[in-house]
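**Q** Can you keep this structure in mind? I'll have questions shortly.
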Amino acid sequence: MRPVSIDAELARRDAPILHRGQPISGYFDGHGRYHPARGTIRRGKDGALELRRQVGFMRTETTRFPLDSVRTVITDRKRTSPYPTLALMSLGLVFLIP
Amino acid sequence: MSHARMLTMCALAVLLVSGCSRIAMVPLHDVFANTGHALQGAEGQQITGFITSDGEYHRFRGRVKLEGDSLVFRGRSSENEFREPTHRLGVDDVTTLFSKDFDSGRTMLGSFGVLGVLALLGGLALLVAGLGTGL
């Protein structure tokens, strides 16, 4: 989990939110309240924020927010479980190293 | 098992475990509902940042402690955006804290457990292979 300020993101030219979208797990509104909302958020052509969520097989739902109603988003940092890596590398060490 | 292999496995375990800590979100109303929370203790709570009542995120690596109706943030000036070692805010001005997740200790124990089981299985496999070849 990584909190990201919307204002800071919009100021960055290469921010994902301005291009392909930023995967999020929730956001904080202008009153500091947290709203769980999994999906991909990006800025629309009219400047509003669009949250796209998968709601079924091959179906997405888009919710639009005024720019000032979302202040901070919680982004999903890609994480991998250490256990499969640990298992594979340990097996490799046990069997392959003479 | 050779010393080199054992050392490599230990180094691998430390490397994997060192990247397991993660950030946890702590809503302040949950903290106040729990009277024994670290925020109310002498040392305070270790944090990486917080959300103010306007929804803005503020980076702050350090500790925060509840003092009366205020939250007192203490840390290095270089590791927070206020550029000061101490920052004081009203309790109503902050809604959420971000702290290092305490599950990293559990992850460490789990990793060493998995490593131990795998080493045991590997040792048994080598033993069986040795018996099969008559060594």
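**Q** Could you grab me the full set of residues in segment A:48-83 that are modelled with pLDDT under 85 and either surrounded by 18 or more Cβ atoms within 10 Å (Cβ to Cβ) or at the interface with chain B (Cβ under 10 Å from one of its Cβ atoms) (or both)?
**A** The answer is A:77, A:79, A:80, A:81, A:82, A:83.
**Q** Being surrounded by fewer than 16 Cβ atoms within 10 Å (Cβ to Cβ) and either among the basic types (Lys, Arg) or closer than 21 Å to residue B:24 by Cα (or both) is the filter here, so list the residues in segment A:8-22 that pass it.
**A** A:12, A:13, A:20, listed by residue number.
**Q** Can you list the strands (runs of 3 or more DSSP E) found entirely within segment B:21-94 that contain at least 3 residues being away from chain A (no Cβ under 14 Å) and not acidic (Asp, Glu)?
**A** B:57-67, B:70-80, B:86-90
The values are calculated or read from the model by the stated rules, or taken from the named source; none is laboratory data. Predicted, not measured: the structure shown is a model, and the values here were computed from it. Cβ coordinates were reconstructed from backbone atoms using ideal geometry, including for glycine residues, and neighbour counts include every protein chain displayed.
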